[in-house]
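Shown next, in structure tokens, is the structure this report addresses.
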Amino acid sequence: MKFVEEYRDPELAKKLLERIHRRSTRRIRLMEFCGGHTVSIFKHGIRQLLPQNIEMLSGPGCPVCVTAIADLDKAIALSRLPGVIIASFGDMVRVPGSRSSLQQVKAEGSDVRVVYSAQDAVYLARDNPDKSIIFIGIGFETTAPTVAASILQAEQEGIDNYYTLSLHKLCPPIMKAILDMGEVELNGIICPGHVSSIIGSYPYRFIADDYHIACAVSGFEPVDILLGVDSLVEQIEKEEYKVEIAYRRGVKPEGNPPALKLMEAVFEVSEADWRGIGIVPASGLRLRERYRRFDAEANFDIKTEPSHEAKGCICGSILRGINTPLDCRLFCKICTPEHPIGPCMVSSEGSCATYFHYGDGYGG
Amino acid sequence: MCLAIPALVKSIDGYLAEVDIDGVTRQVSIQLTPDVKVGDYVLLHTGYAINVIDEVEAEETLKILKELSQAQ
């Protein structure tokens, strides 16, 4: 596939690795924010290929994983209302809530459909005019504009039975929250490639300027990731911190202005509840007043009981970067991809699932 | 979740486009990339083109990488 194969070239990867080994002299800790990066790093064995003085940590960039259990309980409560069809991305359906999961309520008779796209949920609404279609809107800045576009499409086509439960979250504010918590010391951050394709590189500048942490926006193929690490090593060695785009074919400094405009037209910034972190101000998106008629929270009576996390699950501290799956006593013993206890084992890009599938002899 | 893959735009009809993803044809939304043209490659995420791939930058990156590998 064009724009993929070239960036998997083993010779180029080898040369980049040689340069990283040659230039990296300090003991440093880098975080890849995005779950997609975590998967790629593990799949291609990048952790083992980097010099031993470079430690890689996984961040909270997995939307399924960071969805608060209270919000998942809301989605489950909505699925039990009469005349409702829940439309959701696949991974979300399997995540255990406090008492059930969307998969379980589906088995009990609720109508829960897995969709590939928010647009598919709009079509579901068009084809089922006597039902209320509620799309579970999870995702960062990559996905939020697509959901905004789906709402505008529903409005234009006069579809009045389409709703979204907006659980969208924003990356730069949570990066700031994690840095301010001070639980983990970082020298560099691999910034998310496709979030940045929308928001650009400017929103991360505070990390380099105020926290003196190197930033590189990276793509997802092995050579892309090594380019990102190479940039971080160079910045750290020179003590010159900036935000470098190491994924120039997909990311412009200003991002994608039409997509940003559309997202800002439909959503406004709000607080958000993050699993393992709690409520973080100005780190989420809710529908603007003008689009309230598409807002599931405003249009349905959602009744939930108090939420609680699964006993023993440490997804929260794994998402904050202070633990790894290997620190969890449920990992691989009770919690597996077949019988997940926490979301990080459900999502294909969750840290626990990634350790299970690609870690050395941890899992299957 | 933020996975996006390259897709080649084959035809455009309003806010929908037909794209080729490594031999598979699919209809996608181009609401987020209103300036896209037939023949462009886009980054496709959950049925939406989220950006147009910059081919010039892609070639430039590969050129730098190849120079690097020859220099050593």
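The values are calculated or read from the model by the stated rules, or taken from the named source; none is laboratory data. Keep in mind that this is a model prediction, so the values were computed, not measured. So basically every Cβ, Gly included, is an ideal-geometry build from the backbone, and we count neighbours across all protein chains shown.
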Can you confirm whether A:ILE190 is in a strand (DSSP E or B), closer than 22 Å to A:SER58 by Cα, in contact (Cβ under 8 Å) with a residue 60 or more places away in the chain and in contact with a helix residue (DSSP H, G or I) (Cβ under 6 Å, 6 or more places away or on another chain)? yes
All but one of (1) away from chain B (no Cβ under 14 Å); (2) of a type in the set (D, E, K, R); (3) buried (at least 18 other Cβ atoms within 10 Å of the Cβ) hold for A:LYS333; state the number of the condition that does not hold. (3)
Keeping to segment A:231-251, report how many residues are in contact with a strand residue (DSSP E or B) (Cβ under 8 Å, 6 or more places away or on another chain) and either surrounded by fewer than 23 Cβ atoms within 10 Å (Cβ to Cβ) or within 24 Å of A:ASN53 (Cβ to Cβ) (or both). 10
Of these, A:ASP120, A:ASP91, A:ASP111, A:ASP130, which one is of a type in the set (D, E, K, R), within 14 Å of chain B (Cβ to nearest Cβ) and either over 30 Å from A:LYS261 (Cα atoms) or without any contact (Cβ under 8 Å) to a residue 60 or more places away in the chain (or both)? A:ASP120
Please state which one of A:ALA13, A:ALA70 is more than 10 Å from every other protein chain (Cβ to nearest Cβ) and either modelled with pLDDT of 95 or more or buried (at least 24 other Cβ atoms within 10 Å of the Cβ) (or both). A:ALA70
Kindly provide the set of residues from segment A:311-339 that are closer than 18 Å to A:ALA68 by Cβ and more than 18 Å from the chain's Cα centre (by Cα), ordered by number. A:LYS311, A:CYS313
Looking at segment A:1-10, which of the residues that are in a helix (DSSP H, G or I) and surrounded by 15 or more Cβ atoms within 10 Å (Cβ to Cβ) is nearest to the chain's Cα centre (by Cα)? A:TYR7
Residue check, A:LYS2 against (1) among the basic types (Lys, Arg); (2) touching a residue at least 40 places away in the same chain (Cβ under 8 Å); (3) facing chain B (nearest Cβ under 8 Å), all met but one. Which one? (2)
Considering only strands (runs of 3 or more DSSP E) fully contained in chain B, which possess at least 1 residues that are more than 7 Å from every other protein chain (Cβ to nearest Cβ) and either in contact (Cβ under 8 Å) with a residue 40 or more places away in the chain or under 28 Å from A:LYS15 (Cβ atoms) (or both)? B:5-13, B:41-45, B:48-52
Quick check, is A:SER197 buried (at least 21 other Cβ atoms within 10 Å of the Cβ), free of Cβ contacts under 8 Å to residues at least 24 places away in the same chain and in contact with a strand residue (DSSP E or B) (Cβ under 8 Å, 6 or more places away or on another chain)? no
Would you pick out the residues in segment A:200-230 that are more than 13 Å from every other protein chain (Cβ to nearest Cβ), in contact with a Cys (Cβ under 6 Å, 6 or more places away or on another chain) and either surrounded by fewer than 24 Cβ atoms within 10 Å (Cβ to Cβ) or closer than 26 Å to A:GLU18 by Cα (or both)? A:ILE207, A:ALA208, A:CYS215
Does any residue of segment A:28-35 turn out to be among the acidic types (Asp, Glu) and either assigned to a loop (DSSP other than H, G, I, E, B) or over 21 Å from the mean Cα position of the chain (by Cα) (or both)? no
Can you run down the residue pairs with Cβ atoms below 6 Å, 6 or more apart or on separate chains, where the first is in segment A:143-155 and facing chain B (nearest Cβ under 7 Å) and the partner is of a type in the set (Ser, Thr, Tyr)? A:THR146/B:THR46; A:THR146/B:TYR48
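Restricting the search to segment A:252-267, which residues are among the charged types (D, E, K, R), touching a residue at least 12 places away in the same chain (Cβ under 8 Å) and surrounded by 14 or more Cβ atoms within 10 Å (Cβ to Cβ)?
A:LYS252
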If A:SER283 passes every condition in (1) at pLDDT below 95; (2) under 21 Å from A:PHE33 (Cα atoms) but one, which one does it miss? (1)
